Amino acid sequence: AASPPRPVSIEELMETAKGVTNMALAHEIVVNGDFQIKPAELPEHSLEKKVRDIVHKAFWDCLEVQLKEDPPSYDHAIKLLGEIKENLLSFLLPGHTRLRSQITEVLDLDLIKQEAENGALDISKLVEFVIGMMGTLCAPARDEEIKKLKDIPEIVPLFRAIFSVLDLMKMDMANFAVSSIRPKLMQQSAEYERKKFQEFLEKQPNSLDLVTKWLQEAADDLAKLRRKMLPSHCSDGATGGTSTLCSTAVQNQAYLKLLKWDHVNRPFPEVVLMDQSRFQELQLELEQLLLVGTVLLVTFSAAGPALVDVPGFAEQTKTIVKVLLTGMHLPSFNLQEALATIGEKVCAEVNSCLSQHGFTPFSAEREAVLKGQIQAVANPDNTICKLIDSRIQKFLENYLGSSHQKSLPAIPGGLGPIQRELEEVAAKYVRLVNYNKMVFSPYYDAVLGKILTKE
């Protein structure tokens with residue numbers, strides 16, 4: 001009989017949940033180059049927001065009442081100055097000795113209390129010092145907010161605004177800290193994730209089955225490609241078999257396959273499961289870029305050399321196409337209708353540009369041809385679409401191969417109009433792949449060791 005399950009304490013559950021949360025957060029910071037801490041925003045009509053707004057209003061109303069008393073009561077104001085002092089000190093680095101002395105001297109709470117009791121407190125002067133110190137310590141991006149503080153005449157709204165800007169400064173500091181620790185965090189997070197996966201693997205020995213199948217398919221793809229490229233008189237043995245394949249090439253091929261994955265019908269390989277949504281998002285971005293790039297290539301081919309060097313034409317046309325393809329992966333999206341509208345808009349843009357620059361606009365017949373070519377992009381077997389797709393895949397393959405080099409690969413012909421977007425996607429993709437390799441390379445080496453030595 002099976003042994004009874006061991007009871008798990010609340011502390012253990014909490015510790016496990018904390019570990020998973022921390023790992024997920026560290027993973028997000030490492031793989032997301034744009035990761036930033038943002039202010040929490042409560043839903044507009046939520047109970048939490050209503051309660052918070054009521055409590056805040058009561059606090060600031062109380063402060064206003066105290067300051068309007070005769071003589072004014074400064075209890076609340078002094079507490080706020082104490083919080084502001086702690087905030088300002090938290091922004092200082094160890095070498096900021098002079099600034100630390102200034103803040104401690106001017107915002108001496110004991111002295112401020114004595115001045116308040118003797119009716120000699122000049123709170124406006126203290127607030128002026130605070131704003132000046134905030135201007136010294138804030139990031140350049142906050143200069144405008146600091147400038148606005150100087151234009152607020154009433155003390156209570158000014159206190160509220162000061163705390164609002166201090167919150168932004170805290171967020172800036174946290175984001176700076178995140179960017180600073182990312183390289184160190186990458187190594188530590190990789191080791192931690194590998195350790196956790198190893199523990200999981202020991203409990204579930206078949207946890208690399210999907211990975212093995214995924215890498216085997218990638219090796220087979222490369223072997224087939226190599227056989228196609230070999231002269232017909234070469235044997236199919238050692239020269240063209242998987243045994244000559246490079247482990248890195250197989251891994252890169254496997255990662256490229258993730259950008260064409262059938263997420264509905266195929267389970268994702270175990271080691272990349274945490275990033276499945278990221279790979280899926282990149283896949284959707286590339287599918288849209290493929291259509292945009294194809295439409296632009298068709299348009300430039302139809303327009304001839306006349307519009308190639310016209311400033312702004314490519315960007316304007318690209319914007320139109322991207323807007324009309326927004327939501328293309330939603331079930332309600334009708335691609336045929338969208339492409340018909342794109343054809344109309346693109347033809348109007350082409351004719352407008354040709355007329356402005358002294359060229360002959362398209363005839364009705366040429367317009368019909370261009371619209372037909374754009375409409376044909378919906379066909380998965382469209383020759384131009386397949387050409388653009390193969391060039392995008394080749395660019396990503398080259399980008400992966402050169403990710404540790406200073407120079408990036410040249411953009412293939414025909415992809416110039418979507419170069420910026422393609423490079424942005426490639427940078428996110430390579431960051432994801434390189435981190436995944438850092439974590440799971442021992443497992444890939446073990447699996448590929450068996451695959452690449454098979455007959």
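The values are calculated or read from the model by the stated rules, or taken from the named source; none is laboratory data. This one's a predicted model, so the numbers in the text were calculated from it and none came from an experiment. For neighbour counting, all protein chains shown are included, and Cβ atoms are generated from backbone atoms with ideal geometry for every residue, glycine included. The accessibility values were calculated without ligands, DNA or RNA, using every heavy atom of the protein model including side chains. Shrake-Rupley method; radii C 1.70, N 1.55, O 1.52, S 1.80 Å.
Working carefully through the options Tyr444, Tyr429, find the one that is at pLDDT 90 or above and either closer than 19 Å to Ala219 by Cα or more than 18 Å from the chain's Cα centre (by Cα) (or both). Before you say what the answer is, go through the steps one by one.
Working: Tyr429 fails: either closer than 19 Å to Ala219 by Cα or more than 18 Å from the chain's Cα centre (by Cα) (or both).
The unique qualifying residue is Tyr444.
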(message) What's the number of the only condition in (1) open to solvent by 30 Å² or more (accessible area, probe 1.4 Å); (2) in contact (Cβ under 8 Å) with a residue 24 or more places away in the chain; (3) under 30 Å from Gln280 (Cα atoms); (4) not charged (D, E, K, R) that Leu330 fails to meet?
(response) (2)
(message) For the range 272-312, give me each residue that is charged (D, E, K, R) and in a helix (DSSP H, G or I).
(response) Asp275, Arg278, Glu281, Glu285, Glu287
(request) Report whether or not Leu452 is open to solvent by less than 40 Å² (accessible area, probe 1.4 Å), within 27 Å of the chain's Cα centre (by Cα) and under 28 Å from Glu193 (Cβ atoms). (result) no
(message) Please count how many residues of the range 321-339 are assigned to a helix (DSSP H, G or I) and more than 18 Å from Ala376 (Cα to Cα).
(response) 1
(request) For the range 418-440, name all the residues that are open to solvent by 10 Å² or more (accessible area, probe 1.4 Å) and polar (S, T, N, Q). (result) Gln419, Asn434
(request) Could you please let me know if Gln336 is farther than 19 Å from Pro412 by Cα, exposed (fewer than 12 other Cβ atoms within 10 Å of the Cβ) and either outside the structural domain of Gly413 (by the TED database) or in contact (Cβ under 8 Å) with a residue 12 or more places away in the chain (or both)? (result) yes
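This table checks each residue for (1) charged (D, E, K, R); (2) farther than 29 Å from Glu64 by Cβ; (3) part of a helix (DSSP H, G or I); (4) more than 30 Å from the chain's Cα centre (by Cα).
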position	(1), (2), (3), (4)
Gln114	no, no, yes, yes
Lys125	yes, no, yes, yes
Glu128	yes, no, yes, yes
Ala141	no, yes, yes, no
Pro157	no, no, yes, yes
(request) Would you check if there is a residue in the range 260-270 being part of a helix (DSSP H, G or I), over 30 Å from Phe362 (Cβ atoms) and open to solvent by 10 Å² or more (accessible area, probe 1.4 Å)? (result) yes
(request) Sort through Val156, Val127 and tell me the only one that's open to solvent by less than 50 Å² (accessible area, probe 1.4 Å), touching a residue at least 60 places away in the same chain (Cβ under 8 Å), within 19 Å of Lys79 (Cβ to Cβ) and in contact with a helix residue (DSSP H, G or I) (Cβ under 7 Å, 6 or more places away or on another chain). (result) Val156
(request) Report, ordered by the first and then the second residue, all pairs with beta carbons closer than 6 Å, sequence separation of six or more or different chains, a first member in the range 351-379 that is over 19 Å from Leu290 (Cβ atoms), and a second member that is of a type in the set (Phe, Trp, Tyr) and assigned to a helix (DSSP H, G or I). (result) Cys353/Phe313
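Can we say Thr360 is touching a helix residue (DSSP H, G or I) at 6+ places or on another chain (Cβ under 9 Å), hydroxyl-bearing (Ser, Thr, Tyr), open to solvent by 30 Å² or more (accessible area, probe 1.4 Å) and in a helix (DSSP H, G or I)? Before the answer, list the steps.
Values: touching a helix residue (DSSP H, G or I) at 6+ places or on another chain (Cβ under 9 Å): yes; hydroxyl-bearing (Ser, Thr, Tyr): yes; open to solvent by 30 Å² or more (accessible area, probe 1.4 Å): yes; in a helix (DSSP H, G or I): no.
Criteria not met by Thr360.
Regarding Ala306, is this residue outside the structural domain of Ala364 (by the TED database) and open to solvent by less than 40 Å² (accessible area, probe 1.4 Å)?
Values: outside the structural domain of Ala364 (by the TED database): no; open to solvent by less than 40 Å² (accessible area, probe 1.4 Å): yes.
Criteria not met by Ala306.
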(request) Report, by residue number, each residue of the range 65-87 that is assigned to a helix (DSSP H, G or I) and surrounded by 15 or more Cβ atoms within 10 Å (Cβ to Cβ). (result) Gln66, Leu67, His76, Ala77, Ile78, Leu80, Leu81, Ile84, Lys85, Asn87
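Which residue out of Ala368, Ala376 is more than 20 Å from Pro305 (Cα to Cα) and part of a helix (DSSP H, G or I)? Give the steps one after another, and end with the answer.
Values: Ala368 fails: more than 20 Å from Pro305 (Cα to Cα).
Going through Ala368, Ala376 in turn, the sole match is Ala376.
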